[in-house]
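Here it is, the structure, as structure tokens.
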Amino acid sequence: MPGRPTGESRAGEAPHGAFYGRRKGKALRKGQQDLIATLLPRLRLPEAGPVEPERLFGPLPDRAPVILEIGFGGGEHLAAEARARPEARLIGCEPFVNGMAKLLATIDREGLSNIRLWDGDALALLPRLAEASLDVVYLLYPDPWPKRRQRKRRFLSDDTLAAFARVLRPGGELRFATDIDDYAGWALARALRSPALAWTAERPDDWRRPWPGWPGTRYEAKAEAEGRRPSYLTFRRT
């Protein structure tokens, strides 16, 4: 899907492991290439074996939330979370090289130390995450694959919802944002039939309001400027 970035950048991964979307856009600048070559290996999750937060970050402070964001685009939201919540430990997944390079530049410039990264397929990572190890999972503006024949490519599915439920702690939250009404309905229908997830909305307008402290993203601003109103869905692990 040319011109659409991954996650918030609009790429996707197939339910059975075939990756859909771009891995790379325009050529990286020299400084970006250097960060991919030197900083990313220091922050990258291990290639194999179980992924446990304590092994990634060392002993966790009391009440330190562990947060996963899948498809972070240029990393604006992930970096904002790292700044606002220095006690948090964050894992960001993004296969799009240009988006990864943007976040690495921010991490390097600001000295953010509470982020670890995965530049491969998120579907390959989810089974490796320890059970009940995460407090929040963000899936922000994934590719909607709007054509009916493409919908099997949508990242959010019954299988991924089951995977999210496995890695979330009781009371943990899956936070999903989209500017496509059809995808919001798709997500809600599947989450409501999950026995392990409960939709948290109590009032009709809850799903139109972003989460507390929400910084917004560049993609979101563009969607709103084009007349598309975002939906923010929160599902709590029961």
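The values are calculated or read from the model by the stated rules, or taken from the named source; none is laboratory data. This structure is a prediction, so every number in the text was calculated from the model and none was measured. Using ideal geometry, Cβ is built from the backbone for each residue, glycine included, and neighbour counts are taken over all protein chains shown. Quick note on the areas: whole protein, heavy atoms, side chains included, nothing else; ligands and nucleic acids left out. Shrake-Rupley method; radii C 1.70, N 1.55, O 1.52, S 1.80 Å.
Out of all the residues in the range 40-57, which are in a loop (DSSP other than H, G, I, E, B) and either at negative phi or in contact with a Pro (Cβ under 6 Å, 6 or more places away or on another chain) (or both)?
LEU45, PRO46, GLU47, ALA48, PRO50, GLU52
Still on this structure, I have one more. Return the residue satisfying two criteria in turn: it lies in the range 96-119 and is modelled with pLDDT of 95 or more, assigned to a loop (DSSP other than H, G, I, E, B) and of a type outside the set (S, T, N, Q), and of such residues it is nearest to ALA82 (Cα to Cα).
LEU112
Go through the residues of the range 92-100 one by one and say whether even a single one is among the hydrophobic types (A, V, I, L, M, F, W, C) and open to solvent by 10 Å² or more (accessible area, probe 1.4 Å).
yes
Within the range 206-223, does at least one residue satisfy the condition of being closer than 16 Å to LEU140 by Cα, open to solvent by less than 60 Å² (accessible area, probe 1.4 Å) and assigned to a strand (DSSP E or B)?
no
Next up: Quickly run through the range 194-229 and pick out the residues that are closer than 29 Å to ARG169 by Cβ and among the aliphatic types (A, V, I, L, M).
Hits for the range 194-229 are ALA196, LEU197, ALA198, ALA201.
Just to check your reading of the model, which residue among ASP181, ASP143, ASP158 is within 21 Å of TRP214 (Cα to Cα), of a type in the set (D, E, K, R), in contact with a helix residue (DSSP H, G or I) (Cβ under 9 Å, 6 or more places away or on another chain) and touching a residue at least 12 places away in the same chain (Cβ under 8 Å)?
Only one candidate passes the filter, namely ASP143.
Given the residues ALA101, ALA84, ALA48, which is the only one that is under 16 Å from VAL136 (Cβ atoms) and out of contact with any strand residue (DSSP E or B) (no Cβ under 8 Å at 6 or more places or on another chain)?
Of ALA101, ALA84, ALA48, the one residue that is under 16 Å from VAL136 (Cβ atoms) and out of contact with any strand residue (DSSP E or B) (no Cβ under 8 Å at 6 or more places or on another chain) is ALA84.
Would you please name the residue that is nearest to ALA88 (Cα to Cα), looking only at residues in the range 131-158 that are open to solvent by less than 10 Å² (accessible area, probe 1.4 Å) and outside any loop (DSSP other than H, G, I, E, B)?
In this case the residue turns out to be LEU134.
Looking only at residues in the range 49-69 that are open to solvent by less than 80 Å² (accessible area, probe 1.4 Å) and free of Cβ contacts under 8 Å to residues at least 40 places away in the same chain, which one is nearest to LEU117 (Cα to Cα)?
This residue is GLY58.
Another question, then. Every residue in the range 162-183 that is buried (at least 20 other Cβ atoms within 10 Å of the Cβ) and of a type outside the set (D, E, K, R), please.
Within the range 162-183, PHE164, ALA165, VAL167, LEU168, GLY172, LEU174, PHE176, ALA177, THR178, TYR183 qualify.
Condition first: in a loop (DSSP other than H, G, I, E, B) and not small (Gly, Ala, Ser). Now tell me which residues in the range 159-205 satisfy that.
ASP179, ILE180, ARG193, PRO195, THR200, GLU202, ARG203, PRO204, ASP205
Being at pLDDT 95 or above and either basic (Lys, Arg) or part of a loop (DSSP other than H, G, I, E, B) (or both) is the filter here; which residues of the range 58-70 pass it?
Taking the range 58-70 first, the residues at pLDDT 95 or above are 65-70.
If the condition is that a residue be at pLDDT 95 or above and either basic (Lys, Arg) or part of a loop (DSSP other than H, G, I, E, B) (or both), then PRO65 is the only one that fits.
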